[in-house]
Amino acid sequence: MIKIFDKDYQGKTFETLGLCVLSDAISCEAKEEINGEYELEMTYPITGRHFEDILPERILVTKANAVDGEQAFRIYKISEELEGKIVVSAAHISYDTANYPVKKFAGENTPELFLTAVKENSTVPSSNIPFELSQELDSVEMIEGDNDKPRNMRSLLFGSEDSFVTKCNCETAYDNYS
């Protein structure tokens, strides 16, 4: 089942049917790489019921794999119609962390303290950030925890060679806003 929610949906859970169920989808497949992309691609007929509800930035919710519960994906691209169908591309809701700028900070040297500092140093009040950041590392190794330049939360956590994931040599697990 593929549900669609409005782009401004405020809930952190997706237990309702949202705006509607996209039962006419031809295909829907999620691609997830360890510490890499987590995206969904759906093919939908233009004659399908609720076709008009498929709009940029809306949220698609479906089971992405056999293990995890339903996951949310934000639509970022809708192809032009070709042979009576469109292809919808959506990124996991965790990509929304790119919308939260984080100021420079220094001295946070354990994974737990670093994650706390990321939210506390966001230019958006932490109470307005829907994401929960947690870690389950076996060790409490000290990490070089400085953020020496303003960045967005996504690049600071998952982005480059100096991201949290790289510093801790760990793998990410996503569960909607967690």
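The values are calculated or read from the model by the stated rules, or taken from the named source; none is laboratory data. All of these numbers come straight from a predicted model, not from anything done at the bench. Positions of Cβ are backbone-derived with ideal geometry, glycine not excepted, and every protein chain shown enters the neighbour counts. These accessible areas exclude ligands, DNA and RNA; they are computed on the full protein's heavy atoms, side chains included. Shrake-Rupley method; radii C 1.70, N 1.55, O 1.52, S 1.80 Å.
Results, tabulated for the structure shown:
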| read-out | value |
| --- | --- |
| Top-ranked residue of the stretch 97-119 - restricted to ones that are of a type outside the set (A, V, I, L, M, F, W, C) and within 20 Å of the chain's Cα centre (by Cα), ranked as least open to solvent (accessible area, probe 1.4 Å) | Thr97 |
| Given (1) of a type in the set (A, V, I, L, M, F, W, C); (2) open to solvent by 10 Å² or more (accessible area, probe 1.4 Å); (3) touching a strand residue (DSSP E or B) at 6+ places or on another chain (Cβ under 8 Å), number of the condition Ile34 does not satisfy | (3) |
| Residue among Ile86, Ile4 that alone is aliphatic (A, V, I, L, M), touching a helix residue (DSSP H, G or I) at 6+ places or on another chain (Cβ under 7 Å) and assigned to a strand (DSSP E or B) | Ile4 |
| Residue satisfying condition, being within 24 Å of Thr13 (Cβ to Cβ) and modelled with pLDDT of 80 or more, within set Val102, Val124, Val165 | Val124 |
| Residue match in the stretch 40-52 (condition: modelled with pLDDT of 95 or more, farther than 12 Å from Val88 by Cα and not in a loop (DSSP other than H, G, I, E, B)) | yes |
| Number of the exception - Leu82 against (1) without any contact (Cβ under 8 Å) to a residue 12 or more places away in the chain; (2) surrounded by 15 or more Cβ atoms within 10 Å (Cβ to Cβ); (3) hydrophobic (A, V, I, L, M, F, W, C) | (2) |
